[in-house]
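Reviewing the structure listed below.
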Amino acid sequence: MQRHRWRLLLAAAAFLLGVAGGPARAQEYKPEYRLSVMPDATSPWGRGAQIWADLVRQRTKGRIRIKLYTGASLVGGDQTREFAALRQGVIDMAVGSTINWSPQIPEFNLFSLPFLLRDAHSMDAIMHGRVGRELFARIEEQGVVPLAWGENGFRELSNSRRPIRTPEDMRGLRFRVVGSLLFNDIFTALGAYPTQMNWSQVLPALKSREIDGQENPISIYCSAKLFNFGQRYVTLWDYMADPLVFVVNRQVWDSWTTGDQEIVREAAIDAAHLEVSLERDDTLDSGQTVWQAMAKRGVKVTRLTPAERQRFVDATRPVYLKWKVLIGRDLVTEAEREVAQATRREAAIQKRAAR
Ligand code: X2X
């Protein structure tokens, strides 16, 4: 009886402490949170992440302070380990590419299916439609809270050897790739030699001519100044695009009050919105377009005609079909439907505008 009363007392004390835990929760906040991104701070990706950190600090009146770590330095630049570190709490928050997290979330390979996406409209349709919601659920399942979609962008080819207009032009060239083996399959199907390598190793490897080329959005090509590393030939083939995801580690998220969670979520949505506009804008801070800046540096940009592009589509079709099964037939079919719908919608808008 006596023992029973003790237990009741203990339970009541625990309950009271729990209730009092509301305001005390704020004391569990860390002095600073670590936000990881892969590229440098001048890229739209890095700038978007910094905007997120600044907005959160302002709107929480300094309760949540976030420090940006570029170059995935919290995992020693090992970009495909970033998501695991985020789950473990080595990283508190991240703005990460679907390519880098695809080893842990295989469905993220969907965006890397060669020539699935056609343009920004199809990208938006997937990110903000049923497929996007499904992918957010996959992130949640792994103990990470997804808040908003950003964009690294459509990935283009660059190399130091020759203009690339046909799959034959790629034959024998060594390209750096990263992420899942889907990229190895694509480049092998095109007759090139793919090499998996972290981004931090790319500049030295270009310098030493260990590799001939790489693939990345033009914004990354420019922020890393790849024209200074012999990358004189660029082919715009838009073969895939990698979205970015603004996320927070689950324990960190749960340690915040609901009010602060809402602030962080809204700040992520606002920052992601700005990041996507920065990424899609061709104008540099200098007022020049990226194309003018590249021409000035002697970069030769090759734009493919629809027929030329189709040859790359055909050459990589078996890879597409193989990976469609690996990613999940239903999910990819839904993505194809969303792309087709967005393309039809856009064509109708263009037609109306032309009248
Ligand atoms: O490493 C790359 O190519 C980069 C910077 O685009 C990613 O992090 C996927």
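The values are calculated or read from the model by the stated rules, or taken from the named source; none is laboratory data. In this text the structure is predicted, and so the values were computed from the model without any measurement. Accessible surface areas use protein heavy atoms only, side chains included; no ligands, DNA or RNA. Shrake-Rupley method; radii C 1.70, N 1.55, O 1.52, S 1.80 Å.
Once the 1.4 Å probe is applied to the protein heavy atoms, the chain comes out at 47 Å² accessible per residue. Largest first, the residues S73, S286 sort by 1.4 Å accessible area into S286, S73. With the Cα gyration tensor of the stretch 47-130 giving a ≥ b ≥ c as the square roots of its eigenvalues, does the rule (a/c under 1.5 for rounded; else a/b larger than b/c for prolate; else oblate) give rounded, prolate or oblate? Because a/c hits 1.5 or more and a/b fails to exceed b/c, the stretch 47-130 counts as oblate.
The per residue volume of the convex hull around the alpha-carbon atoms of the stretch 26-176 is 144 Å³. By DSSP, the beta bridges lying fully in the chain are antiparallel in about 60 percent of cases. Using all alpha carbons of the stretch 107-212, what is the percent of pairwise distances in each 5 Å bin, ordered from the shortest bin to the longest? Values per bin, smallest distances first: 2, 10, 17, 19, 18, 14, 10, 7, 2, 0.
Kirkwood-type hydrodynamic radius, the stretch 33-354: 20.2 Å, calculated from all non-identical alpha-carbon pairs.
Taking only protein heavy atoms and a 1.4 Å probe, the accessible area of the chain is 53% carbon and sulfur. Only helices enter this figure: runs of n ≥ 4 DSSP H residues, each worth -39500 (n - 2.57), summed and divided by the residues of the chain, yield -15500 deg cm²/dmol at 222 nm to the nearest 500. Bridging of K225 to lysines at a Cα separation below 19 Å is possible for K207, K296, K300, once same-chain residues fewer than 8 apart are set aside. When each full DSSP H helix of the chain is screened for a Cα extent of at least 30 Å along its own axis and an average Kyte-Doolittle hydropathy of at least -0.5, the helices passing are 2-24, 258-280. Listed by chain and number, the lysines whose alpha-carbon sits under 24 Å from that of K30, ignoring those within fewer than 8 places in the same chain, are K61, K67.
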